[in-house]
1. Looking only at residues that are closer than 21 Å to GLU150 by Cα and not in a strand (DSSP E or B) in segment 308-336, which one is farthest from the chain's Cα centre (by Cα)?
2. For segment 149-182, which residues satisfy the criterion of being in contact with a Ser or Thr (Cβ under 9 Å, 6 or more places away or on another chain), closer than 14 Å to ILE214 by Cα and acidic (Asp, Glu)?
3. Might you check whether a residue that is among the aliphatic types (A, V, I, L, M) and surrounded by fewer than 15 Cβ atoms within 10 Å (Cβ to Cβ) occurs anywhere in segment 75-84?
4. Select from segment 75-111 the residues that are of a type in the set (Phe, Trp, Tyr) and over 17 Å from VAL42 (Cα atoms) and list them in ascending order.
5. Given the options ALA210, ALA260, ALA264, ALA246, name the one that is closer than 30 Å to VAL157 by Cβ, of a type outside the set (Ser, Thr, Tyr) and crowded, with 18+ Cβ neighbours inside 10 Å.
6. Within segment 230-255, count every residue that is closer than 23 Å to GLU207 by Cα and either charged (D, E, K, R) or out of contact with any helix residue (DSSP H, G or I) (no Cβ under 7 Å at 6 or more places or on another chain) (or both).
7. So ASP145 passes all but one of these: (1) within 18 Å of the chain's Cα centre (by Cα); (2) surrounded by 15 or more Cβ atoms within 10 Å (Cβ to Cβ); (3) under 23 Å from VAL203 (Cβ atoms). Which condition number does it fail?
Amino acid sequence: MAAGACARGGGPLARLLVLAVLQVNFIALGLEPDFLYPLENVTIAQGRDATFTCVVNNLGGYRVAWIKADTKAILAIHEHVITNNARLSVTHNDYNTWTLIIRGVKREDRGQYMCQVNTDPMKMQTAFLEVVIPPDIIYEETSGDMMVPEGGSAKLVCKARGYPPPKIVWRREDGGDLISRGGPQGKTKVMSLEGEIVNLTKVTRSEMGAYLCIAANGVPPSVSKRIMLHVHFHPLVQVPNQLVGAPTGTDVTLQCHVEASPKAINYWTRENGEMIISNDKYHMSEINSSAYSVQMRLVIRNIQGTDLGGYKCISKNSIGDAEGNIRMYEMELPYSKNRPDDDRDSDLEETNDVRSSLQGSLREGGRAEDAGFLGGGGPPSAAATRTTPYAIFLISALVYAMG
């Protein structure tokens, strides 16, 4: 009753008296403070809040203290924070639970924490606070976009920080292979490489593109940096059809495939060097095939005799230039001599509407007059046109001799 009256009276002295009475009563009953649950380890990302919960039964008049065990610094006693750290606080549910709260944890908060009861001998339990840090690219130590000549070497570097230390993985943005040379197995193609540094040797144009260095340590989010590798080389021009035939009055398309880096200036000329510009007669376009290749197209409308002859597709960049040659000839539409003139006129009109043309590529080392037999569309050779009359002459001579 006296203890209850003191408690109702309030004041620090009254509360101390109540605690003393409770402690005497617990001792008289043979009850001592006891931890109900173990203190649990906590792993938390830097910047978040961490909590330790200590549950003590039969505390009586004893006190609960929080201590950072590795530095032996007293953090709080009962509900009062002792350390000069505004990020720390302690809560008590007025029964048996005490909670230590660390707001916005930092790397230096990592360590062993102790919940202690001032019995004799002292009772305590400890837990570890692990502070993990998401990965972060160290941009000042990481490679930026770079340019190398074809056949040269490139060294890609990616540095990252975090805890645990991040692992670096390299991939190509387009999903292509990374080519590793110089190892025990020679040239190998892999989808990814691990490590802070990737050495590319004897670089080819196919290795041009965006490379991603990805840093991860199991703490989300993972981070990456995009590094663009430019491979420089002089232009290369390939002509799929060097000999093109088409009837007059039709449209025809000339094509050239160009590879160049840095980006080239591409244009068309006639064989006399006259540059072609887009107008009602000519239409020029380019279609990108990759980071370094384009398809040049020249459409010539309503072909006339003055349009026949040679054309050049030319590509120039800061390293060099290249050109391709295409020759266009007039092709007569096939028709049957036994058909009425009206039918032949109908065929001619139909073919002109379709705007068809025949194109043939020249085989390396082949003759231009053989193009019609290699790809279709070339005019027959003079030798071929003389074959039938020459055979008739031989038969006539043989009959005369036998007679």
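The values are calculated or read from the model by the stated rules, or taken from the named source; none is laboratory data. Keep in mind that this is a model prediction, so the values were computed, not measured. Counting neighbours? That spans all protein chains shown, and the Cβs are built from the backbone with ideal geometry, glycine included.
1. GLY320
2. none
3. Here is the first cut: in segment 75-84, the residues among the aliphatic types (A, V, I, L, M) are 75-77, 81-82.
Pick out the ones that are also surrounded by fewer than 15 Cβ atoms within 10 Å (Cβ to Cβ) and you get none.
Within segment 75-84, none of the residues are among the aliphatic types (A, V, I, L, M) and surrounded by fewer than 15 Cβ atoms within 10 Å (Cβ to Cβ).
4. So the first thing to find is which residues in segment 75-111 are of a type in the set (Phe, Trp, Tyr), and the list is 95, 98.
Listed by number, the list holds a single entry, TYR95.
5. On the way: ALA210 fails: crowded, with 18+ Cβ neighbours inside 10 Å; ALA264 fails: closer than 30 Å to VAL157 by Cβ; ALA246 fails: closer than 30 Å to VAL157 by Cβ.
Only one candidate passes the filter, namely ALA260.
6. The initial filter retains those residues of segment 230-255 that are closer than 23 Å to GLU207 by Cα, namely 230-238.
Filter once more, so that each one left must be either charged (D, E, K, R) or out of contact with any helix residue (DSSP H, G or I) (no Cβ under 7 Å at 6 or more places or on another chain) (or both): 230, 232, 234-238.
So the count comes out to 7.
7. (2)
To keep it simple, each residue is scored yes or no on (1) surrounded by 14 or more Cβ atoms within 10 Å (Cβ to Cβ); (2) in contact (Cβ under 8 Å) with a residue 60 or more places away in the chain; (3) within 21 Å of GLY249 (Cβ to Cβ).
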{"residue": "GLN295", "(1), (2), (3)": "yes, no, no"}
{"residue": "ARG301", "(1), (2), (3)": "yes, no, yes"}
{"residue": "LYS312", "(1), (2), (3)": "yes, no, no"}
{"residue": "ALA322", "(1), (2), (3)": "yes, yes, no"}
